[in-house]
Amino acid sequence: MQIEKFKSVESTNKKAKEMKGALPWTVVLSEVQEKGYGRKGGEWYSPKGGLYFSVILPKGEIDDLQTITILAAFIVAKTIKEDFNVEPLIKLPNDVLLNGRKICGILTENVIGDEVKFSVIGIGINTNTESFPLELKDIATSLKMETGKEVDDMEMLEKIITGLKNQFKTISQ
Amino acid sequence: MDFKIKIKDKEYHIELKEEKGGVKVKIGDKEFAFGSKKEKILTQSSSIKKDSSKKEIVSSLSGLVTSVFVKEGENIKAGQKVLTLSAMKMENEIVSENGGKIKKILVKENQQVKEGEVLIVLI
């Protein structure tokens, strides 16, 4: 797995989009996102303690990219459910909730001309985030806050990437 | 594997099964299969064959224009980002295949566009 690690970036999706020529499945991982964002420019609070990464996807049909976006939420929820014995709720298409509060956000961005030229899927998971600002504490939570357990971010990253690769292979066959 | 999902405040019960060559998703009584059969359940869109020699930027998907980055009369380069389209639950940067001067911008921010619709005309 090719991982480009950063201490801090504005956004892993933005960084990935700047990496012209990077191979498909390159992962951009950052400890912090200064300006993490979701769909329609919504902010994604990204302090140290969370798992923030983007994956450069192989070129695909726009329909397949939409499918992988939706399946990514299932892959994240499945990983969390199996590893922590909790019941995550998938709020399609882009969020995973735990106990009614947001734990993961997913954003796929494409660059399109006559065809899809570049695609990146960004995933932010509140893994070991210790606390949230007042305005977010009713709508966001972390796995550590809910389960009391420390999350192995690299293990979770690997499981999600493997899941994405397997599903992408299946849907683009 | 069983899941509950929430779409616009309504909860659905989902069963997700990985089967040979694909994934089967059961929502209530309905089953949807993704996989080698290439069944397209989530969208009906097809790719539009565009004529690159014609200096028009055409939308290849239906969606909402969220930002326009260029102005009429502006000279743009091939590959330049001209607008963003929020579509199919993804954010899409639309780039021009051709360089040229922008004659007409036919859409504005917060406008819904259809697949195949001309967005920008170049000279």
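GluC sites (Glu not before Pro) within segment A:32-103: which are DSSP loop residues with at most 15 other Cβ atoms inside 10 Å?
For GluC sites (Glu not before Pro) across segment A:32-103 that sit outside H, G, I, E and B with at most 15 neighbouring Cβ atoms in 10 Å, the list reads A:GLU34.
Hey, what did segment A:36-173 get for relative contact order, percent, Cα under 8 Å, at least 6 apart?
Relative contact order, segment A:36-173: 28 percent.
Quick one: check the C-alpha center-to-center distance for segment A:16-75 versus segment B:91-123, whole angstrom.
25 Å
For segment A:1-45, which trypsin sites (Lys or Arg not before Pro) are both in a DSSP coil and crowded by at most 10 other Cβ atoms within 10 Å?
A:LYS20
In square nanometres, what is one fourth of the surface area of the convex hull spanned by the alpha carbons of segment A:1-88?
Spelled out: convex hull of the Cα atoms, projected over all directions, averaged, 6.7 nm².
Taking the simple approach of a point 7 Å from Cα along Cα-to-Cβ for both A:LYS169 and B:GLU19, what is their distance in nm?
In this crude spin-label approximation the distance works out to 2.0 nm.
Could you work out the equivalent-ellipsoid semi-axes for chain A, taking the square root of 5 times each eigenvalue of the Cα gyration tensor, largest first, in whole Å?
Values for chain A, descending: 25, 17, 15 Å.
For the residues A:VAL120, B:VAL58, what sequence is obtained by ranking on other C-beta atoms within 10 Å, fewest first?
Least to most surrounded, the residues fall as B:VAL58, A:VAL120.
Taking other Cβ within 10 Å of each residue's Cβ, how do B:ASP9, A:ASP95, A:ASP152 sort, fewest first?
Placing the least packed residue first, the sequence is B:ASP9, A:ASP152, A:ASP95.
Using Cα atoms only, what is the angle between the long axis of helix A:62-84 and the major principal axis of chain A, expressed in degrees (0 to 90) to the nearest 10?
30 degrees
Taking H as built 1.01 Å from N, whose amide H comes closer than 5 Å to the amide H of B:VAL95, not counting residues under 5 places away?
A:ILE112, A:GLY113, B:VAL82
Can you figure out the FRET efficiency of B:ASP9 with B:ALA78, using R₀ = 45 Å and their beta-carbon distance, to the nearest 0.05?
Once rounded, the FRET efficiency stands at 0.50.
For the protein assembly as shown, what does the helix formula give at 222 nm: sum of -39500 (n - 2.57) over DSSP H segments with n ≥ 4, over the residue count, nearest 500 deg cm²/dmol?
It lands at -6000 deg cm²/dmol.
Using only Cα atoms, tell me the angle between helix A:153-171 and the longest principal axis of chain A; keep it within 0 to 90° and round to the nearest 10.
Computed tilt is about 40 degrees.
Where a number appears in this text, it was derived from the coordinates with a stated rule and is not lab data. Quantities reported herein were computed from a predicted structural model and do not represent experimental measurements. Neighbour counts are summed over all protein chains in view; Cβ atoms, including those assigned to glycine, are modelled from backbone coordinates with ideal geometry.
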